[in-house]
Ligand SMILES: Nc1ncnc2c1ncn2[C@@H]1O[C@H](COP(=O)(O)OP(=O)(O)OP(=O)(O)O)[C@@H](O)[C@H]1O
């Protein structure tokens, strides 16, 4: 049903001269999800987001945001959407606090209420201590946080965040993840673009993987991961011998040495019982096992499976 989705994109395309940036993509973003819109730099994510927010017009196809056709219905849609997108247009000589209040004034929130909301947004993104410093003195990471404060200053049904972790250090990235999870807990939907798959792997409920203007795969994270064949990585002191032993014990199993010279990989899904038994058998044969872990079910693994290459610039 349409109301179950906050964004519905149908065959949306955009071309810049010879370059097809977005190539007839379709996707649906379920209400209440943390939706990861993922792909390497240049995949077409920002172009898609710009179309959703009415900043550029599609060449063909259609998009609905909060059940309204865009760009036609944007006037009703935009007040319900918190957006963070490149080039937010801060006034550099105003403080962080004044910048957020400026945005709130545009949404007709002024006075004490604006002070309260702006400070709470700055606190949320970790900028409370520099609230009165002019934005031109902010570092790249602080500017990124300020854009996020801007996006989350008012409670919204939907947040569209374009690469919110860009320019942040690992601690900053973790904080952004927490902010996103909390917004979702409060009942909003978050549509989040990123080229850092491992960064969002942990928090997204749904994903679309984009490459060279196309959606390669989309759906609930659980389904995508269930479809993915996993493997068991075993770190040993004598990989060649371990490989031969395992080959003799389990002739039907694919066994590889790698990715480094002391690791062997077995094409098996998560099976703790199997891992325990294998560990015991190897140790009994005098092979030292210093690590055992299941892998192959990360978003990067899924991307590589469908695109057949690493996660490089498109
Ligand atoms: N205004 C424009 N004029 C010409 N080409 C453009 C324009 N905007 C985007 N492109 C091109 O369209 C393609 C998709 O770009 P887009 O910015 O949407 O990718 P992205 O997935 O958001 O990547 P990034 O994370 O690097 O922003 C790229 O090849 C880009 O160079």
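Within region 254-266, the set of residues being in a loop (DSSP other than H, G, I, E, B) and either surrounded by 14 or more Cβ atoms within 10 Å (Cβ to Cβ) or in contact (Cβ under 8 Å) with a residue 40 or more places away in the chain (or both) comprises just one member, 262. Could you please find all residues in region 23-41 being under 18 Å from residue 165 (Cβ atoms) and within 12 Å of the ligand (Cβ to nearest atom)? Of everything in region 23-41, those that are under 18 Å from residue 165 (Cβ atoms) and within 12 Å of the ligand (Cβ to nearest atom) turn out to be 37, 38, 39, 40, 41.
The strands (runs of 3 or more DSSP E) found entirely in region 10-111 that carry 3 or more residues being touching a strand residue (DSSP E or B) at 6+ places or on another chain (Cβ under 6 Å) are 19-30, 34-38, 60-65, 81-84.
Only one of the listed residues (187, 167) is out of contact with any helix residue (DSSP H, G or I) (no Cβ under 6 Å at 6 or more places or on another chain), at positive phi and in contact (Cβ under 8 Å) with a residue 24 or more places away in the chain. That residue is 187.
Exactly one residue out of 19, 45 is within 9 Å of the ligand (Cβ to nearest atom) and surrounded by fewer than 17 Cβ atoms within 10 Å (Cβ to Cβ): that is 19. Filtering region 62-89 to residues that are within 16 Å of the ligand (Cβ to nearest atom) and in contact with a helix residue (DSSP H, G or I) (Cβ under 9 Å, 6 or more places away or on another chain) leaves 63, 83, 84, 85, 86, 88.
Might you let me know whether region 116-135 holds any residue that is within 16 Å of the ligand (Cβ to nearest atom) and in contact (Cβ under 8 Å) with a residue 24 or more places away in the chain? The answer is no; no qualifying residue exists.
Scanning region 290-299 for residues that are surrounded by fewer than 16 Cβ atoms within 10 Å (Cβ to Cβ) and either in a helix (DSSP H, G or I) or modelled with pLDDT of 85 or more (or both), we see that the one that is nearest to the ligand (Cβ to nearest atom) is 293.
The values are calculated or read from the model by the stated rules, or taken from the named source; none is laboratory data. Quick caveat: nothing in here was measured; it's all calculated off a predicted structure. Note that we place each Cβ from the backbone using ideal geometry, even for glycine, and neighbour counts take in every protein chain shown.
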